[in-house]
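K.L.:
Structure in structure tokens, see below.
Every read-out reported here was derived from the displayed coordinates using simple, explicitly stated rules and does not represent laboratory data. Small disclaimer: the values here were computed from a predicted structure and weren't measured. Note: ideal-geometry Cβ built from the backbone for every residue, glycine included; neighbour counts use all protein chains shown.
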Ligand code: GCB
């Protein structure tokens, strides 16, 4: 049966030429967007944990062992049971386990967890408020990589994918007084996960972003979106959830500028379309105006802060609010700070990193690589005025021929788009990073491109592609030979000439490019490693001098590409990578940062900052 389903699914994919029918089906059943603005109870903080390398805690999932003595999710007070004496016997106790602060990857919590990769159980207890006819939901902003959620001993939900939020309704599963929430987190990656087990960053494991219990009325606004159309109108959509979702009047207010009422259809949906509001200040990096937007339905209010801008391409230009803009950016991994880091993004850290880009590098753009970054970062990008490239970790290779893997990718995209589509900062959805060309891979990406276009026709689509070099006569020419080009609004390439391989730095400015002339190009990556403080005027690789010279010469090369519309060199800060084990220079770190892992600026930082400062004057 499964095989037939996959065969039909693959055929459907092959037949695909425009918007796929499944984009709508991929809407997660519950979104609770803007959940921070809702009535909520913070569940981050101190959780107990228990390692489970041999996965004994999950055993009854396959119907094997009922009431195993190792099932960490059981709703049992082990200490009390033990005090009774007799035949009861447990080999776990989540109440008396060691404590970890959530959110945050576990890898830095204890030295013994640095390289722990597998299943880990987390528990905390909480007392909910009375629901009084309302509803309650657990919302996890990110659990890496798989999550098994249990409330009071019963499974209430599962999720796969380490960087996107998910919501589980618990209205019927909560009890009065103390509740026991247990989460099994499985960090194992394999050939069918996204990303796979091989990347150039530390995959980490854990509940890496906040967890909240969110309270709503019985019928509530699950999601609402607004954006500016190029003709000046404001358009959008909303979705109610609950017994009275159909036929409801919802009022929409944009600051003091505009308001309207819409009525939901039988499914609780409504489209929004408002005439161009007079006096609307458009959002841009120079003037990141955000409006307090409010959607109100009978008894429920959903609030957001939304900026309004348009994004488009014309020939080889990217147009923000109908004016050409050059993307002065840098790539960034999610926060890991200090010599023993683990992924954990706080608002302070996000602000500090984005400030480096905006104010010290004179940037207006950031590539949030290689996965959806935290909601905090995206909201700050809106507030501070930085344009954003967003991507999901379809990176290097995934199992291209496997329809179940494609389905995962499409769901991750949907979760990302629904999470961030009110963020004016996000202008580009990327469908892949450095994926070697093959027919199955191109089909996979084409399905992703069609999916994301159907989910969000208002933004641009790109992918970070590999370049090819070939000889034409005596000339060495760099091109993109990739059938995926046709699916993309903006071309993007990662280029490492002068770092990997044996090109001399002096030859970089003269490099010849042969590129499509009708579309903008972004240099989505270029970079060279440097160990902060390692100096040598002899242009040795890994010195700050080499990295700075590499930047000077690559920027000189870039300036000669006529279709160039932006760049995001690799990378803002040194980051952990288990691939990088040179014992003197790397020690587990990718050293291509313009900043060291503790934030020390390398020489190349100044080179890029000067270049952007100079450009900023000319291109706005
Ligand atoms: C790339 C990858 C990035 C790596 C980088 C490198 O092209 O996209 O994830 O970290 O190269 O340092 O080689």
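K.L.:
Which of 470, 159, 445 has the fewest other C-beta atoms within 10 Å, and how do the rest follow up to the most?
P.N.:
Values: 470 11, 159 21, 445 26.
Going from least to most buried by this count: 470, 159, 445.
K.L.:
Please compute the length gained on full extension between residue 89 and residue 587, using 0.36 nm multiplied by the number of residues separating them and subtracting their Cα-Cα distance.
P.N.:
Numbers: separation 498, 0.36 × 498 = 179.28 nm, distance 4.47 nm.
Residue separation times 0.36 nm, minus the Cα-Cα distance, leaves 174.8 nm.
K.L.:
Expressed as a rounded percentage, what relative contact order does the chain have, with Cα pairs under 8 Å and six or more residues apart?
P.N.:
Details: 1419 pairs, mean separation 74.6, N = 620.
Computed value for the chain: 12 percent relative contact order.
K.L.:
Now a separate question. Among rounded, prolate and oblate, which fits segment 35-214 when a ≥ b ≥ c are the square roots of the eigenvalues of its C-alpha gyration tensor, a/c under 1.5 means rounded, and a/b larger than b/c means prolate? Don't skip to the end; give the middle numbers.
P.N.:
Details: a/c = 1.65, a/b = 1.08, b/c = 1.52.
The shape class here is oblate.
K.L.:
Compute the angle between helix 439-455 and the longest alpha-carbon principal axis of the chain, please, reported from 0 to 90 degrees and rounded to the nearest 10.
P.N.:
70 degrees
K.L.:
OK, next. Subtracting the Cα-Cα distance from 0.36 nm times the residue separation, let me have the gained length for residue 96 to residue 303 in nm, one decimal.
P.N.:
Taking 0.36 nm per residue and subtracting the Cα distance, the gain is 70.5 nm.
K.L.:
I would also like to ask the following. Compute the acute angle (0 to 90°) between the alpha-carbon long axis of helix 2-15 and the principal axis of greatest extent of the alpha-carbon atoms of the chain; round to the nearest 10°.
P.N.:
30 degrees
K.L.:
At 222 nm, what helix-only mean residue ellipticity would the chain give, in deg cm²/dmol to the nearest 500, using -39500 (n - 2.57) for each DSSP H run of four or more? Present the calculation step by step, with values, prior to reporting the outcome.
P.N.:
Working: 8 runs with 107 residues, N = 620.
The per-residue figure over the chain is -5500 deg cm²/dmol.
K.L.:
With just the Cα atoms defining each centre, how far is segment 544-620 from segment 419-489? Give it in Å.
P.N.:
A separation of 23 Å, based on Cα centres.
K.L.:
Indicate, rounded to the nearest 5 percent, the antiparallel portion of the DSSP beta bridges found entirely in the chain. Display every interim value, and only then the final one.
P.N.:
Details: 90 of 125 bridges.
Counting only bridges with both partners in the chain, antiparallel ones make up about 70 percent.
K.L.:
Moving on. When a footprinting reagent is the concern and you count Cβ atoms within 10 Å, what order do 589, 396, 121 take, fewest first? Numbers along the way, then the final one.
P.N.:
Working: 589 22, 396 16, 121 25.
In increasing order of surrounding Cβ atoms, one gets 396, 589, 121.
K.L.:
Further, regarding this structure: Grab the alpha carbons of the chain, take their convex hull, and tell me the volume per residue in Å³.
P.N.:
Numbers: hull volume 99.7 nm³, N = 620.
Convex hull of Cα atoms, per residue: 161 Å³.
K.L.:
Out of the DSSP beta bridges found with both residues in segment 479-620, what percent are antiparallel (nearest 5)? Don't jump to the answer; show the numbers that get you there.
P.N.:
Values: 3 of 14 bridges.
Here the antiparallel bridges make up roughly 20 percent for segment 479-620.
K.L.:
What's the angle, to the nearest 10 degrees (0 to 90), between helix 403-420's Cα axis and the longest principal axis of the chain?
P.N.:
The helix 403-420 is inclined about 90 degrees to the chain.
K.L.:
For 552, 139, what's the fewest-to-most ordering of other Cβ within 10 Å of each Cβ?
P.N.:
Details: 552 18, 139 21.
Final ranking by Cβ density, sparse to dense: 552, 139.
K.L.:
Determine, from the Cβ-Cβ distance of residue 44 and residue 348 and an R0 of 22 Å, the FRET efficiency 1/(1 + (r/R0)^6), rounded to the nearest 0.05.
P.N.:
On the way: r = 15 Å, r/R0 = 0.69.
Efficiency, rounded to the nearest 0.05: 0.90.
K.L.:
Using only Cα atoms, locate the centre of segment 164-233 and the centre of segment 84-120, then give the distance between them in Å, rounded to an integer.
P.N.:
22 Å
K.L.:
What number, in percent, do you get for the relative contact order of segment 231-309 if the mean sequence gap of Cα pairs under 8 Å and at least 6 apart is divided by its residue count?
P.N.:
The value is 31 percent.
K.L.:
Over segment 512-580, what relative contact order in percent results from Cα pairs under 8 Å that are six or more residues apart?
P.N.:
On the way: 73 pairs, mean separation 27.3, N = 69.
Dividing the mean separation by the residue count of segment 512-580 yields 40 percent.
K.L.:
What is the gain in length, in nm to one decimal, between residue 171 and residue 191 on full extension, counting 0.36 nm per residue of separation less the C-alpha to C-alpha distance? If you can, show how the numbers build up before the last one.
P.N.:
Details: separation 20, 0.36 × 20 = 7.20 nm, distance 3.65 nm.
So the extension gain works out to 3.6 nm.
K.L.:
Apply 1/(1 + (r/R0)^6) to the Cβ-Cβ distance of residue 266 and residue 402, taking R0 = 41 Å, and write down the FRET efficiency to the nearest 0.05. Write down the numbers at each step before the final one.
P.N.:
Values: r = 37 Å, r/R0 = 0.89.
Efficiency, rounded to the nearest 0.05: 0.65.
K.L.:
Please work out whether segment 231-309 counts as rounded, prolate or oblate from its C-alpha gyration tensor, where a ≥ b ≥ c are the square roots of the eigenvalues and a/c under 1.5 means rounded, while otherwise a/b larger than b/c means prolate and anything else oblate? Walk me through the intermediate numbers first.
P.N.:
Details: a/c = 2.53, a/b = 2.06, b/c = 1.23.
Prolate, because a/c is 1.5 or more and a/b exceeds b/c.
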